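Below is one structure, written out as structure tokens, with a few remarks after it.
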Amino acid sequence: MTDATQATAPHTVPGLDPAQAERVVDALQDRLHALNDLALTLKHVHWNVVGPHFIAVHEMIDPQVDAVREMADSTAERMAALGGVPIGTPGALVAGRTWDDYEVGRADAVAHLGALDLVYTGVIEDHRAAMKTAGDIDPVTEDMLIGQSAKLEQFQWFVRAHLESGSGRLSTSGARTLSEAAGQAARASAGGA
């Protein structure tokens, strides 16, 4: 059985040596875990969102799930093209992730959006770090990550549009945990500070 530490094949795409490809594959494995986790988290939100904004958020999330699943597929296929072994099993995802599990259950739409804002921030920041790693080695992978980041940033903008005041302040500003962000967003939506 293969595991997440399996080395890349002794061959890779033309113009890269296997050691360079392995660095890119390692960065992509982290992105694959993040994208698979994000797709599951978005589906969790889709199933557990309630309240007056239910239908808007419920219907906004499904296209994001589909796009993120496609990103995961593209990432895994790029890893394989580079001679890597994409690992997409749940156990490897949990063992390899560096972030906490999504902790909001059945909740108001705005609370979920507050938590999702932080989720997207983490995914986007880590995607940007992977772009830098890939950019130094493999512009094809960098280009893929740039395209994915553009979509992820658009999805975060959709989320933030629900959390932003007319003056441009985000209700999640300063939140450090998902629960904190969800609570701040819910209080702001209810008219609290």
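Below are the figures for this structure:
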{"item": "Charged-residue dipole, Cβ positions (Lys, Arg, Asp, Glu), the chain about Cα centre, Debye nearest 20", "result": "520"}
{"item": "Gap separating the Cα centres of segment 30-44 and segment 49-70, nearest whole Å", "result": "14"}
{"item": "Of every Cα-Cα pair in segment 87-186, the percent that sits beyond 21 Å", "result": "44"}
{"item": "For the chain, the longest site-free run once trypsin sites (Lys or Arg not before Pro) in DSSP loop states with at most 13 other Cβ atoms within 10 Å are removed", "result": "1-105"}
{"item": "Helical segments meeting 24 Å axial Cα length and Kyte-Doolittle -1.0 threshold in the chain (DSSP H)", "result": "18-48, 54-81, 109-135, 139-161"}
{"item": "Per-pair calculated FRET efficiency, R0 = 41 Å: Ile146 and Glu59 via Cβ, rounded to 0.05", "result": "0.90"}
{"item": "Alpha carbon Rg of segment 99-153, scaled by the compact-globule rule 2.2 N^0.38 Å", "result": "1.41"}
{"item": "Long-range amide H partners of Val50 with built H, under 5 Å", "result": "Ala107, Asp108, Ala109"}
{"item": "Dipole of segment 109-160, positive end: most advanced residue of His112, Gly122, Leu145 [Cβ charges, Cα centre]", "result": "His112"}
{"item": "Per-residue ³J(HN,Hα) for segment 95-102, Karplus 6.51 cos²θ - 1.76 cosθ + 1.60, θ = phi - 60°, Hz, x for Gly and Pro", "result": "5, x, 6, 10, 10, 7, 5, 5"}
{"item": "Spread of Cα-to-Cα distances over 5 Å intervals beginning at zero, given as percent, for the chain", "result": "1, 8, 16, 19, 17, 13, 10, 7, 5, 3, 1, 0"}
{"item": "Per residue accessible area of the chain, 1.4 Å probe, in Å²", "result": "50"}
{"item": "Cβ-Cβ FRET estimate between Val13 and Asp101, R0 fixed at 35 Å, reported to 0.05", "result": "0.50"}
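The values are calculated or read from the model by the stated rules, or taken from the named source; none is laboratory data. These numbers were taken from a predicted model, which means no experiment stands behind them. Don't worry about glycine lacking a Cβ; one is built from the backbone with ideal geometry, like all the others, and counts go over all protein chains shown. What goes into the accessible areas is simple: the full protein's heavy atoms, side chains included, and nothing from ligands, DNA or RNA. Shrake-Rupley method; radii C 1.70, N 1.55, O 1.52, S 1.80 Å.
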